[in-house]
Amino acid sequence: MLRNALLGLLAATGVFSAELPPPEPRPPVDKSAFTLWNPTPRELLRDMATDRPDKTESPYTVDAGHVQVEADVVNYTYDRYNSARDHTRAESLAIAPFNLKVGLCNSADFQVVVPTYNVVRTRNTQTRAVRYDRGFGDLITRVKVNFWGNDGGKTAFGVMPFVKWPTGSDGIGNDAFEGGIIVPLAVALPGGWDMGLMVETDFNCDADGRGHHVEVIESITFSHSIVGDLSGYVEFFNNLSTEHRGTPWIANADIGFTYSLTPDIQLDAGINVGLTRAADDLNPFVGISLRF
């Protein structure tokens, strides 16, 4: 017993440290067994990833059995420099629209985008006539599937099909079923930079309601930590429609910030700036994301 105690003391003081084998690396945790009904333990949760505040969607899903809410506290849009050149000025205000996400398994989640209340004010700058449209917007359901990178790695890739349901009030929605598919990619760059890429194909109703056309959306975003838990991003967003020849091109330059208040609470704010006539001139917003 004395010999064992002496050897333990020598090992603790580092005399035999050179002869001790290095600790074996921990094997990666298999999280495939966790589901909506068997939630991922909190100690195994990955860092919270959100699909906001930029327009580029994330390939990361919500952990199985957990709920995440991503919401605009307020979202304001101003548009006067428009492609119609019809002397109208449009302003819209969205109050607390949110995206509710539920983790189905370790690589998939289900999402419901709820446009709670919208106010649209349209004013003719020549006649000074004003029109107000108020009400609920179109509901969107989405399913996100991650193919790799959810729990680590330099890249992550996913796919997210979605359907838009015609629940919008008159003047808010277009009373049509629409849908599409989103393909997001995330890449960790040198120097602490992160890049997000997204390609989206939408199947939207024509303006005259007689058919559907394809719209292709592309975006790229770069983000980096600024100080502490504060990070920033810049983004370019592009939307091309095939409805008919000469359809206006929509392009935006976006900038924003995120702040991780806790591992489960993220605050954000930003502004999207239109680069073409068809894009909204200005779109400032403030939002919050919560994980449960």
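The values are calculated or read from the model by the stated rules, or taken from the named source; none is laboratory data. These figures come from a predicted structure and were not determined experimentally. Reconstructed Cβ throughout: ideal geometry from the backbone, glycine too, with neighbour counts over all protein chains shown. Only protein heavy atoms, including side chains, enter the accessible area calculation; ligands, DNA and RNA are left aside. Shrake-Rupley method; radii C 1.70, N 1.55, O 1.52, S 1.80 Å.
Per-residue answers, yes or no, for (1) in contact (Cβ under 8 Å) with a residue 24 or more places away in the chain; (2) assigned to a strand (DSSP E or B); (3) of a type in the set (Val, Ile, Thr):
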site: Thr201; (1), (2), (3): no, yes, yes
site: Ala207; (1), (2), (3): yes, no, no
site: Ile220; (1), (2), (3): yes, yes, yes
site: Ser225; (1), (2), (3): yes, yes, no
site: Asn238; (1), (2), (3): no, yes, no
site: Asn252; (1), (2), (3): yes, yes, no
site: Phe257; (1), (2), (3): yes, yes, no
site: Ser260; (1), (2), (3): yes, yes, no
site: Arg277; (1), (2), (3): yes, no, no
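Considering only residues in the range 35-60 that are closer than 18 Å to Phe147 by Cβ and not β-branched (Val, Ile, Thr), the one that is surrounded by the fewest Cβ atoms within 10 Å (Cβ to Cβ) turns out to be Arg46. In the condition set (1) more than 18 Å from the chain's Cα centre (by Cα); (2) open to solvent by less than 20 Å² (accessible area, probe 1.4 Å); (3) not charged (D, E, K, R), Val130 is compliant with all but (2). Checking Leu44, Leu104, Leu100, Leu93 one by one, the residue that is free of Cβ contacts under 8 Å to residues at least 24 places away in the same chain and under 30 Å from Asp229 (Cα atoms) is Leu44 and no other.
Annotation note: of Asn150, Asn106, the sole residue that is over 23 Å from Asp54 (Cβ atoms) and at pLDDT 95 or above is Asn106.
When Val273, Val227 are checked against the criterion of being more than 15 Å from the chain's Cα centre (by Cα) and either surrounded by 14 or more Cβ atoms within 10 Å (Cβ to Cβ) or among the basic types (Lys, Arg) (or both), Val273 stands alone in meeting it. Do the conditions hold for Asp30, that is, is it open to solvent by 70 Å² or more (accessible area, probe 1.4 Å), at pLDDT below 95 and either within 22 Å of Asp229 (Cβ to Cβ) or under 27 Å from the mean Cα position of the chain (by Cα) (or both)? Yes, satisfied. Could you list all residues from the range 255-270 that are touching an Asp or Glu at 6+ places or on another chain (Cβ under 7 Å) and either closer than 17 Å to Met195 by Cβ or β-branched (Val, Ile, Thr) (or both)? Those that are touching an Asp or Glu at 6+ places or on another chain (Cβ under 7 Å) and either closer than 17 Å to Met195 by Cβ or β-branched (Val, Ile, Thr) (or both): Gly256, Thr258.
Of the candidates Pro284, Pro263, the single residue that is modelled with pLDDT of 95 or more and either surrounded by 15 or more Cβ atoms within 10 Å (Cβ to Cβ) or more than 19 Å from the chain's Cα centre (by Cα) (or both) is Pro284. Looking at Asp86, Asp63, Asp79, just one residue is charged (D, E, K, R) and open to solvent by 30 Å² or more (accessible area, probe 1.4 Å), and that residue is Asp86.
Of all residues in the range 189-213, those satisfying the criterion of being closer than 17 Å to Phe177 by Cα, open to solvent by 50 Å² or more (accessible area, probe 1.4 Å) and touching a strand residue (DSSP E or B) at 6+ places or on another chain (Cβ under 7 Å) are Phe203, His212. Listed by first and then second residue, the pairs with beta-carbon distance under 8 Å, at least 6 apart or on different chains, first residue in the range 148-171 and under 20 Å from Asn118 (Cβ atoms) and open to solvent by 50 Å² or more (accessible area, probe 1.4 Å), second part of a loop (DSSP other than H, G, I, E, B) and not polar (S, T, N, Q), are Val163/Phe177; Trp165/Asp138; Trp165/Phe177; Thr167/Phe136; Thr167/Gly137; Thr167/Asp138; Thr167/Gly173.
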